[in-house]
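Encoded as structure tokens, the structure appears first; notes follow it.
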Amino acid sequence: MCFHQIVEYNPSFGILNEINHRGHRETINTKHEITPGPLGIWLERAILAMMFLFVIAAPNSIAATQTAWMLGMLFWALRFLVFPRPRVYRTPIDYPMFAFFLLSGISSFLSYEPSVSVGKMRAASLFTIVYLFAENISSKKILRWLAIALIAATMVNVVYTFGQIAIGRGVKIYGVNEKSPLREARRKSRTQNDSIPIVDGDTIEQVDGRSIRSLDDLINALDQSAQKEPAQLAIYRVEWIATLEVPRGHLLPGASPEERLGIQRWSYGRDRRATGFYNHWTTYAESLQLIGSLTLGLFVALPRKRNRNGLLLGLAVAGIAGALLLSVTRASWLSFLLSGLLIATLGLSRRALIVIAACAVPLVLAGLFVLHQKRNVGFFDKKDDSIAWRQKIWHEGFHLLVSNPRHLAVGVGMDSIKAHWREWDLFEGGKLPMGHMHSDYLEIALERGVPTLIAWLILLGMYAWTLWRTQRQVSKEDWIERGIVLGALGGLLGFMTSGVVHYNWGDSEVVMLFYLIMGFSLVENRMTSAQ
């Protein structure tokens with residue numbers, strides 16, 4: 001009797017389906033995959049190059065990071081046009097992620113300012129960073145090198161931060177007398193011309209747009225009496241940055257620069273809060289919290305810490321913690337402390353925890369000292385203006401949220417506050433810093449609606465549960481992978497804690513790093529589940 005069979009190839013699964021003489025289908029593992037051609041290979045290499053460019057640029061340059069993201073997405077889209085198409089993996093956070101994005105889009109179209117809110121959807125589309133990395137990291141080796149490259153790139157701005165503190169910035173003056181020409185400084189605005197004299201402790205950083213390094217630079221600018229226009233002095237005064245106008249040709253008689261300026265002495269300015277290569281210290285602090293948690297996770301997961309890897313990771317943790325300390329951002333300090341506590345609890349023994357706690361005490365005391373020196377406030381200081389105006393803004397924002405059922409359902413629209421804050425009676429009529437609600441939870445609810453906030457919380461909850469399961473499943477021998485998951489879990493706790501008083505979800509630099517680490521974690525979750 002002759003038997004015949006039919007063999008089919010299913011390219012979607014890379015297997016052979018054999019139909020035997022009885023008509024039943026049987027599966028044969030071929031262990032053979034169709035390899036892409038030259039164009040597909042080059043597109044995959046381009047995607048990999050963009051991922052490395054992304055992690056190197058993320059802690060340092062938002063422009064380069066977004067360029068890497070857009071090019072990476074372009075190459076990935078082109079890769080789907082080349083046979084065989086790349087495989088797409090499902091992740092545990094797909095449904096809440098797309099629900100959050102969809103609800104944000106609905107809120108934007110129903111906004112009080114649709115043109116502004118729809119434009120903000122470009123920032124909302126940054127969630128594709130998660131999938132760029134989660135779908136295109138094909139091996140643990142690539143995952144490890146990307147994580148290491150991210151930490152190494154962060155150390156560039158950490159070294160820059162310490163170097164900037166060591167060198168100093170501008171000229172800090174002391175003992176300004178009543179006859180000093182610096183007392184004639186004024187701030188010119190569209191509505192009024194306020195007299196704001198330069199006083200003891202101010203740091204003059206620039207004159208007429210040029211940085212200065214000594215009193216001679218300041219004297220040369222103020223001594224040019226032939227120029228009618230006043231000199232433009234950029235100053236820093238305990239978190240306040242302003243450009244003041246000082247008349248030229250009003251220097252006092254004297255032999256030394258100090259006598260001519262009417263001051264007692266000067267030094268290099270070192271009061272500025274650390275910003276790295278970013279424009280604001282809060283952005284820098286939130287970024288350091290996420291990357292610092294990842295670095296700490298790797299250090300805790302390292303089996304033997306008395307070797308080269310332990311030394312390098314230990315130095316990286318210390319450097320990032322020091323730079324975070326110099327940012328003088330209390331919420332980020334507390335977030336990193338909670339993140340470190342969670343990571344240490346999951347990854348260290350009780351004895352090691354006691355040692356870590358003992359080492360944390362002097363660090364906390366140092367933080368309180370730096371806070372008092374640079375901001376002249378305590379950690380929980382009722383006299384601190386930033387705490388007082390946050391409470392007022394929260395009250396105004398919550399009142400606006402519950403004042404209209406429409407606001408509860410779809411929000412007022414992203415960034416529409418900037419156009420309607422006067423009619424909504426926000427920011428005490430312009431007396432308080434205008435911008436946002438200084439809280440992720442209130443800002444998302446007010447701008448996008450309560451359903452969007454719920455979707456966001458479900459997204460972060462699903463992500464947390466995925467990290468929790470993965471860190472229990474990953475082998476301790478794969479210490480880098482375990483460290484990534486531990487660091488992501490600690491960073492998530494810190495991110496959500498800091499989000500109570502900061503709108504860190506509105507910082508593109510911070511969100512891109514958050515999505516990047518989320519992508520790393522989902523890759524490890526996929527690989528662990530496959531094993």
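Points to keep in mind about this one:
- Among the residues making up the range 61-104, a single one is under 22 Å from the mean Cα position of the chain (by Cα), at pLDDT 95 or above and part of a loop (DSSP other than H, G, I, E, B): ILE93.
- Strands (runs of 3 or more DSSP E) completely within the range 131-227 that count 2 or more residues being surrounded by 13 or more Cβ atoms within 10 Å (Cβ to Cβ): 171-174, 186-188, 203-207
- Residues that are within 23 Å of TRP240 (Cβ to Cβ) and touching a residue at least 60 places away in the same chain (Cβ under 8 Å) were ranked within the range 387-422; the one that is surrounded by the fewest Cβ atoms within 10 Å (Cβ to Cβ) is LYS418.
- Residues in the range 283-297 that are more than 16 Å from THR497 (Cβ to Cβ) and either touching a Lys or Arg at 6+ places or on another chain (Cβ under 8 Å) or surrounded by 24 or more Cβ atoms within 10 Å (Cβ to Cβ) (or both): TYR284, ILE291, LEU294, THR295, GLY297.
- The condition (being surrounded by fewer than 21 Cβ atoms within 10 Å (Cβ to Cβ), modelled with pLDDT of 95 or more and either closer than 22 Å to SER332 by Cβ or acidic (Asp, Glu) (or both)) is satisfied by just one residue among LEU489, LEU513, LEU457, LEU467: LEU457.
- All of LEU311, LEU252 fail the test of being surrounded by fewer than 18 Cβ atoms within 10 Å (Cβ to Cβ) and in a helix (DSSP H, G or I), apart from LEU311.
- Subset of the range 105-150 [within 21 Å of the chain's Cα centre (by Cα) and of a type in the set (S, T, N, Q)]: SER125, THR128
The values are calculated or read from the model by the stated rules, or taken from the named source; none is laboratory data. Values in this document were obtained by computation on a predicted structure and should not be read as measured data. Neighbour counts run over all protein chains shown; Cβ positions are idealised from the backbone, glycine included.
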